[in-house]
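The values are calculated or read from the model by the stated rules, or taken from the named source; none is laboratory data. Predicted, not measured: the structure shown is a model, and the values here were computed from it. Heads up, the Cβs are rebuilt from the backbone with ideal geometry, glycines too, and the neighbour counts pull from every protein chain shown. With ligands, DNA and RNA removed, areas are computed over all heavy atoms of the protein, side chains included. Shrake-Rupley method; radii C 1.70, N 1.55, O 1.52, S 1.80 Å.
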Amino acid sequence: MKVEKKQLRTILIDDEENCLDVMQIVLEKHCPQVQVVARASNGLQGLKAIITHEPDLVFLDIEMPKMDGFQMLEALEQIDFTLVFTTAYDRFAIRAFKFSAFDYLLKPIDEEEVIKTIQNIEARLSTQTERLSLLKEHYQSDEKKMPQRLALAHSKGFQLTDVQAIVSCESDGNYTKVHLSNGAKIMVIRPIHSLEEALQSFESHSFFRIHRQHLVNLKYIKNYLNTEGGQVELTDGRLLPLARNRRDDFLSLFTKF
C-alpha cells in the first residue's frame, strides 16, 4: 500500500508580490506535499495568518517595512513550525544563516533550491529555538562583534558549539568529523570546505587547512615534525599529515601564532 506524505500546511510571507507568486508556482508545480494555506505581504499580516492557520512551514522574508521578520517572530508566543528564510543576496546575512543552520533561499528564487529545501525539511525534525537565537545574534551583530558559536548539524539535530572548542575537522566525503577539546566527536552533515569557510569568517579564527582532509585549530598544535613528508602533532596526541604544497604557508603562520 502506498503511504501518502503528510501535507505541509504552508504560509508565504514577503513584501514583494512577484516573489510570492514565483514561490507559490514552484511549490504547486514540484512539491505536491506542500499546501499553501495563506500569503502575507508584511509582518503583521503574517502574524495573523500564522495564528489563524497554525502552519507546519513558513517561508519568511526578513527585510520588510513596518514589522520585519524578526519582530514578527518575537510577537509569537511560540514557534512550533519550520522556518525557511528568503533573502536578497548579502554576504554577511548568508554567513549568519550558515552559522545558525537555518534553511534559506536566495532571491531570485531558484526552483531547484526550493525543491531541495523541501526535501531537507522532510528528512529531519527541526529543533530551532536555539538556532533562531543564534541567527539573530549573527544577523544583527556588527561584523567585529560576531558571536563565537557555530551550529553543527548532525543526524539527530544541531549542536551549538564554541568555535574555540573545535580542535580539528576531518573530511569524510560530504560529511565532516569534528573533534572537540573535551574529546567528543561530531559527524557533521556538511563538507569540510563549507565548515572551513564558516570558521574562517570569525574575526578571531585560528584555523588552517593543513591537508585536503584536515582542518586544524592552530591553538591545539603541539609540535611540527619534519617526518613522513611533514606532520603536525595535536595536543590530544593525534598525528596528522601536512601537505607539501601547504607546508611553507603553515610554517609561516605557525611560527607567528
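Between residue 67 and residue 113, residue separation times 0.36 nm minus the direct Cα-Cα distance comes to 13.9 nm.
Roughly how many whole Å is it from the C-alpha centroid of the range 13-34 to that of the range 212-246? Their Cα centres are 49 Å away from one another.
Ligands, DNA and RNA excluded, the heavy atoms of residue 172 present near 90 Å² of accessible surface to a 1.4 Å solvent probe.
Computed about the Cα centre, the dipole magnitude for the range 206-257 is approximately 140 debye when only Lys and Arg (+1) and Asp and Glu (-1) carry charge, each at its Cβ. Residue 249 to residue 181: FRET efficiency via 1/(1 + (r/R0)^6), r the Cβ-Cβ distance, R0 30 Å, to the nearest 0.05? The pair residue 249/residue 181 has a calculated efficiency of 0.75. Given their separation in residues at 0.36 nm each and the Cα-Cα distance between them, residue 88 and residue 160 gain 23.3 nm when the chain is fully extended. Packing, taken as the mean count of other beta carbons within 10 Å per residue, orders the peptides 218-228, 191-201 from highest to lowest as 191-201, 218-228. Each label point was placed 7 Å from the Cα along the Cα-to-Cβ direction; for residue 48 and residue 80 their separation is 2.3 nm. Computed about its Cα centre, the charge dipole of the range 146-235 is approximately 200 debye, with only Lys, Arg, Asp and Glu carrying charge at their Cβ. For residue 87, the solvent-accessible surface with a 1.4 Å probe is about 10 Å², rounded to the nearest 10.
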